[in-house]
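Q: The following block contains the structure, expressed as structure tokens.
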Amino acid sequence: MQNYLANLPPQHRRSWLLVVIYIAVLLVVSLADFGLNTAGQTVFRGILLGMLVFLVASGLSLIFGLLDVLNFAQGAFLLIGAYVGNATYDALDALSDEMRFLAAILSAVGTVGVLGAIIEAGLIRPLYKRPIFQIVLTFGLAAIFLDLVERVYGPDPKQPIDPPALLNGKFTLFAQSLSTYRLFIIFLGLIMMVSVYILLNRTRIGIIIRAGVQDAEMVQALGINVRRVFTLVFVLGAALAALGGIAIVPYQGATLEMGNQFLILAIVVVVIGGMGSYEGTAIASIVVGLTRAVAEQLSLTHFDAPVLAETSILLLMIAVLLIQPSGLFGREEA
Amino acid sequence: MIERAVYTHIQKIEDPTLRNIADKLAHLILDNWFYALVLLLLWRFPYIVADLSDTEVTPRRPTGDSVFWQSVMAQALLIACLSMSYNLLFGFSGVISFGHALFFGAGGYITFLMMREYDGAYQIRALIVLCFITLCLALFVRVPIRRLLIFLIGGIVLILLLMPNNDKLSFYQAVGLSVIGSIILSLISGTVTLRLRGVYFAMFTLALAEMFYVLAKSGTFREITGAEDGLVIRDLIPESLNPTQTFEGHRLMMYRITVIFFVIVFLAIRRYLNSPIGRIMLAIRENEVRARTIGYNTFYYKLITMIFAGVIASLSGVLFVLWGTAKRVDPSLLSLTYTVDPLLYTLIGGVGTITGPIIAALGLVLGETYLRDEVISIGSKTYPIAEVWDLFLGILFVLVVMLLPNGIVGTWNKWRAEQRIRKMERDLQRSKDRVA
């Protein structure tokens with residue numbers, strides 16, 4: 001820890017300080033305003049949302065860091081994951097609940113992973129010479145996917161499915177009885193956070209990815225097939241989003257707006273955390289989740305207008321962009 | 001052939017001033033014969049359709065092919081205007097905005113909110129707020145003080161002229177205010193976003209537009225925006241501008257107004273691109289660092305272009321609302337559709353060409369309506385075109401992005417240029433041979 005702090009660039013040290021102060025202010029405000037129980041629930045909701053957003057945002061950030069492609073289809077991947085998983089769950093009603101849920105997760109992640117591989121290898125790879133068209137392409141693909149999902153699965157929102165009995169217990173937190181499934185989502189997010197961190201920092205492929213973020217051409221020159229690593233990272237990002245999508249289904253069900261909602265949140269997270277910075281994304285998703293939850297609670301109690309929370313994260317984004325345009329933990333140039 | 005005949009004829013005119021005028025007129029028409037022909041076609045379009053389908057242009061009851069196609073054509077023209085304004089940003093300034101729907105929807109919302117909610121008591125307050133915003137922005141953008149004074153005085157005079165002292169705003173005044181509103185909107189969003197580069201700009205505009213969409217859609221402001229149902233504007237539209245009115249001629253009148261609006265937008269954009277500012281814009285698109293090194297304040301020129309595009313988009317939005325059958329300003333105007341569609345049409349028609357977005361938008365919108373009732377059968381299954389149209393559009397989009405980076409018009413222009421070069425080379429070779 002001491003070593004880590006000593007090695008931080010001064011700018012990142014300032015960012016850490018800012019984040020800690022900001023979270024402290026949020027906690028104090030919510031404690032003072034809502035009282036202990038509501039504040040605790042709000043913070044819990046915030047962390048939950050942060051974990052879900054992290055699953056989308058980490059893919060966005062990784063893909064941008066390595067490939068220099070802003071993947072607007074990330075929200076659509078989440079959407080497809082949720083709907084495909086839901087459909088699988090419905091189709092396999094002969095199996096036990098646990099198996100159905102597992103099959104739903106696998107099918108969602110698998111479908112989107114394959115889709116991601118096809119998109120990267122078939123559509124994005126020929127466009128590395130024309131970066132603007134890559135952005136436009138992913139944006140168009142997002143619209144197409146949204147349309148396809150609506151066509152295939154219908155415009156109506158899907159009801160939440162029952163999580164398997166193992167995760168369907170109850171626990172009491174701050175005088176409110178909650179489903180254990182929420183804890184599962186948080187654990188899922190944490191596990192993914194840690195495992196991607198380990199993948200990036202402790203494995204051979206991780207060191208190639210990190211080197212590629214620094215300078216992809218140089219890695220290529222050292223005799224490593226960077227293109228294959230590009231595809232891998234794209235698939236990884238897409239699969240993480242799909243995992244987030246299927247994780248939401250038992251909690252909130254699936255709606256068509258979900259993709260764009262989480263895309264916007266992920267964009268805010270990535271901008272705040274700094275494009276291409278993994279730790280920045282992890283911290284920023286917690287910050288955004290907390291901000292969103294506290295703002296929602298605040299606007300609900302004071303103005304009776306929950307939509308104001310939507311503007312709060314945007315204001316946060318504007319503030320960060322004005323303080324530090326490259327994001328809190330981003331690289332210098334941006 | 002025709003040109004030579006006309007010009008020799010003009011040369012025979014005795015009176016020099018008359019000859020001059022005739023000469024200029026002939027130049028104007030003959031140099032732009034293609035545009036003149038298209039304009040004529042657009043103007044006569046209701047009659048052509050009426051002749052082809054044997055229906056009336058202005059029937060007593062608004063049914064029949066001519067009437068139907070008038071409104072389809074008008075909406076297609078407005079979408080073409082929107083695409084042109086999008087292309088102004090995307091194709092001519094290299095600014096990738098994913099929030100263009102914001103301006104399109106803002107036009108309708110501001111106009112009709114103003115008409116409904118306006119109260120004489122707001123007048124002074126609105127003026128003060130406007131002055132304040134202008135001052136803040138001027139400090140932020142660092143506009144020269146003389147230019148600032150002109151803006152301020154112009155704005156105040158405009159508002160005094162526009163705002164009546166009685167209770168209600170007329171439609172035209174509200175449209176004027178919506179223009180001012182969209183200028184302010186693009187100024188604010190531009191000053192915040194244009195400092196960002198490429199991807200950050202794209203993300204920020206997307207987030208901003210999506211935020212307004214959510215706000216307009218939410219039930220919290222139901223009393224103001226009407227939430228998902230939108231503003232009901234049936235009583236607010238002046239009767240002479242209501243194209244779905246059953247009285248004779250209103251639809252045709254409105255169709256002509258739309259065509260005129262389209263022509264004005266087209267000419268304005270062409271003029272803008274040929275003006276000094278437009279030229280600087282092109283320089284910025286090609287190489288921003290270099291343009292800044294030469295001494296241009298690139299931020300300022302981008303901001304002006306963004307305002308220009310925003311105003312065009314919001315005016316098209318107002319007209320589009322008038323043409324809608326539901327007579328509502330609903331949140332779907334702010335939705336991603338009206339960002340994606342112009343983007344699609346711009347790409348398919350040709351990024352950075354003036355006519356490209358028009359051709360793509362007219363072709364695809366009219367084509368969709370024309371083929372709506374047809375059916376494709378693949379194997380034993382049949383699909384109505386209306387259902388697979390978006391998929392077709394998506395595939396077309398991907399194909400164009402992958403294979404024709406210059407779009408239809410861009411590729412055509414390139415091909416023409418290559419032909420011309422080849423012809424010149426051939427001529428050169430021939431003359432060389434002759435000398436030898």
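Q: What is the pair-distance distribution P(r) of region A:210-264, computed from all Cα-Cα distances in 10 Å bins starting at 0, with each bin given as a whole percent?
A: 20, 34, 21, 19, 6
Q: Taking the Cα centre of chain B as origin, sum charge times position over the Cβ atoms of Lys and Arg (+1) and Asp and Glu (-1), and report the length of that vector in debye to the nearest 20.
A: Magnitude of the dipole: close to 1740 debye.
Q: How about region A:39-134: which chymotrypsin sites (Phe, Trp or Tyr not before Pro) there lie in a loop by DSSP and see at most 15 other Cβ atoms within 10 Å?
A: Those satisfying the criteria are A:Y128.
Q: Please name whichever of A:N86, A:I198, A:L188 sits farthest to the positive end of the charge dipole of region A:44-323, dipole taken about the Cα centre and charges placed at Cβ: Lys and Arg +1, Asp and Glu -1.
A: A:I198
Q: Can you give me the relative contact order of chain B as a percent, contacts being Cα pairs under 8 Å and 6 or more apart?
A: RCO, chain B: 26 percent.
Q: In addition: Would you list the membrane-span-like helices of chain B, meaning whole DSSP H runs whose alpha-carbon atoms span at least 20 Å along their axis and whose mean Kyte-Doolittle value is at least 1.6?
A: B:122-141, B:145-162, B:298-323, B:385-403
Q: Can you work out the FRET efficiency for the pair A:A6 and B:N297, with r the C-beta to C-beta distance and R0 = 56 Å, to the nearest 0.05?
A: My answer for the efficiency is 0.85.
Q: Which length gain, in nm to one decimal place, applies between B:T17 and B:A268 when the Cα-Cα distance is subtracted from 0.36 nm times their residue separation?
A: Contour length minus the Cα-Cα distance gives 87.5 nm.
Q: Follow-up question, since we're still on this one. So what is the relative contact order for region A:159-215, in percent, with contacts set as C-alpha pairs under 8 Å and at least six apart?
A: Normalised by residue count, the contact order of region A:159-215 is 17 percent.
Q: Next question, about the same structure. If you build a Gaussian network model of chain A, linking Cα atoms that sit under 10 Å apart, which residue out of A:G223, A:G280, A:G116 swings the most?
A: Judging by the Gaussian network model, the answer is A:G223.
Q: Which of B:A268, A:F72, B:T205 sits closest to the plus end of the dipole of the protein assembly as shown, meaning its Cα is farthest towards the positive end, when Lys and Arg get +1 and Asp and Glu get -1 on the C-beta?
A: The residue sitting most towards the positive pole is B:A268.
Q: What value does region A:44-323 have for Rg/Rh, both radii from Cα atoms and Rh as Kirkwood defines it?
A: With Rg and the Kirkwood Rh in hand, the quotient comes to 0.97.
Q: Using the Cα centre of region A:44-323 as the reference point, and only Cβ charges (+1 on K/R, -1 on D/E), how large is the resulting charge dipole? Debye, rounded to the nearest 20.
A: 720 debye
Q: Pick from B:I128, B:I284, B:I359 the residue whose mean-square fluctuation is largest in a GNM of chain B, springs joining Cα atoms under 10 Å.
A: For chain B, modelled as a Gaussian network with Cα springs under 10 Å, the answer is B:I128.
Q: Now a separate question. Projecting each Cα onto the charge dipole of chain A (Lys/Arg +1, Asp/Glu -1 at the beta carbon, about the Cα centre), which of A:Q297, A:V219, A:V235 comes out farthest on the positive side?
A: Going by the charge dipole, the pick is A:V219.
Q: Does region A:8-64 come out rounded, prolate or oblate by the C-alpha gyration tensor, with a ≥ b ≥ c the root eigenvalues, rounded set by a/c under 1.5 and, if not, prolate when a/b is larger than b/c and oblate if not?
A: The shape class here is oblate.
Q: Could you calculate the FRET efficiency of A:A121 with B:K168 from 1/(1 + (r/R0)^6), where r is the beta carbon distance between them and R0 is 51 Å, rounded to 0.05?
A: So the FRET efficiency works out to roughly 0.25.
Q: Could you give the distance between the Cα centres of region B:1-39 and region A:244-302, to the whole Å?
A: 64 Å
Q: Please give me the summed charge of the neighbours of A:Q176: other residues whose Cβ is under 13 Å from its Cβ, Lys and Arg +1, Asp and Glu -1.
A: Its environment carries a net charge of +3.
Q: Which part of region B:177-214 falls in the paramagnetic zone of B:R125, meaning amide N under 19 Å from the point 7 Å along Cα-to-beta-carbon?
A: B:177-178, B:181
Q: If I model a spin label at B:L30 and A:I224 as a point 7 Å from the Cα along the Cα→Cβ vector, what separation in nanometres do I get?
A: About 6.8 nm separates the two model spin labels.
Q: What whole-number distance in Å separates the alpha-carbon centres of region A:2-57 and region B:315-337?
A: 41 Å
Q: Explain nothing, just the number: relative contact order of region A:166-289, from Cα pairs under 8 Å at least 6 residues apart, as a whole percent.
A: 13 percent
Q: In addition: Under the rule of -39500 (n - 2.57) per DSSP H run of 4 or more residues, summed and divided by the residues of chain B, what mean residue ellipticity at 222 nm is obtained, to the nearest 500 deg cm²/dmol?
A: One gets -25000 deg cm²/dmol as the mean residue ellipticity at 222 nm.
Q: Cut-off 10 angstrom, C-alpha nodes, Gaussian network model of chain B. Which of B:Y338, B:Y301, B:Y109 fluctuates the most?
A: B:Y301
Q: Calculate, for A:T172 and B:A227, the FRET efficiency according to 1/(1 + (r/R0)^6) with r their C-beta to C-beta distance and R0 60 Å; round to the nearest 0.05.
A: 0.95
Q: To continue, here is another question. With the Cα gyration tensor of the protein assembly as shown giving a ≥ b ≥ c as the square roots of its eigenvalues, does the rule (a/c under 1.5 for rounded; else a/b larger than b/c for prolate; else oblate) give rounded, prolate or oblate?
A: The shape class here is prolate.
Q: How would chain B be classified by its alpha-carbon gyration tensor: rounded, prolate or oblate, with rounded meaning a/c under 1.5 and the a/b versus b/c comparison settling the rest?
A: rounded
Q: Among the trypsin sites (Lys or Arg not before Pro) in region B:22-102, which ones are in a DSSP loop with at most 15 other Cβ atoms within 10 Å of the Cβ? Mind listing them?
A: B:R60
Q: Another question, if that's okay. Place a +1 charge on the Cβ of each Lys and Arg in the protein assembly as shown and a -1 charge on the Cβ of each Asp and Glu, then give the dipole magnitude about the Cα centre in debye, rounded to the nearest 20.
A: My answer is approximately 2560 debye.
Any read-out appearing in this document is the output of simple, stated calculations on the displayed coordinates, not a laboratory observation. On a predicted model such as this, the values are computed, not experimentally measured, just so you know. We place every Cβ from the backbone using ideal geometry, glycine too, and count neighbours over all the protein chains shown.
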